[in-house]
1. Filter segment 1-33 for residues that are over 16 Å from residue 54 (Cα atoms) and among the charged types (D, E, K, R); which is modelled with the highest pLDDT?
2. Does segment 34-51 include one or more residues that are among the β-branched types (Val, Ile, Thr), touching a Lys or Arg at 6+ places or on another chain (Cβ under 9 Å) and at pLDDT 85 or above?
3. Is there any pair with a first residue in segment 18-37 that is assigned to a strand (DSSP E or B) and a second that is at pLDDT 85 or above and of a type in the set (Gly, Ala, Ser) whose Cβ atoms are under 7 Å apart and which are 6 or more apart or on different chains, and what are they?
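The values are calculated or read from the model by the stated rules, or taken from the named source; none is laboratory data. Note that the coordinates shown come from a computational prediction; the quantities given were computed from them, not determined experimentally. We place every Cβ from the backbone using ideal geometry, glycine too, and count neighbours over all the protein chains shown.
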Amino acid sequence: MTTPDNWQKSSFSGFGDGNDCVELATTPDTIHLRESDTPATHLTTTPTPLAQLLHYIKTGAV
C-alpha cells in the first residue's frame with residue numbers, strides 16, 4: 001500500500017506544530033487518517049463508510 005505524501009492537519013487541532021492533531025490525506029477513492037503522535041500508523045477507508053461513521057457520531061443514529 002502506498003502512503004500519501006500530502007497530509008493535512010485538522011482545523012480543530014489548534015495552531016503550531018504540536019503533535020496533538022488528527023491528519024488526513026487522500027489518494028484516488030481512499031481516505032487516510034492518522035494521529036500526529038504516531039504517523040507511521042494510519043487508518044484507511046473510503047468516503048462512504050467514513051461519512052456513515054461521522055453521521056453516527058454527530059447524531060447518535062445508525
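1. So, considering only residues that are over 16 Å from residue 54 (Cα atoms) and among the charged types (D, E, K, R), the one modelled with the highest pLDDT is 29.
2. Of all residues in segment 34-51, those among the β-branched types (Val, Ile, Thr) come to 38, 41, 44-46, 48.
Then keep just the ones that are touching a Lys or Arg at 6+ places or on another chain (Cβ under 9 Å); that gives 41.
Adding the requirement that they be at pLDDT 85 or above leaves 41.
Checking segment 34-51: at least one residue is among the β-branched types (Val, Ile, Thr), touching a Lys or Arg at 6+ places or on another chain (Cβ under 9 Å) and at pLDDT 85 or above.
3. Taking only residues 6 or more apart or on different chains, the pairs are 32/25.
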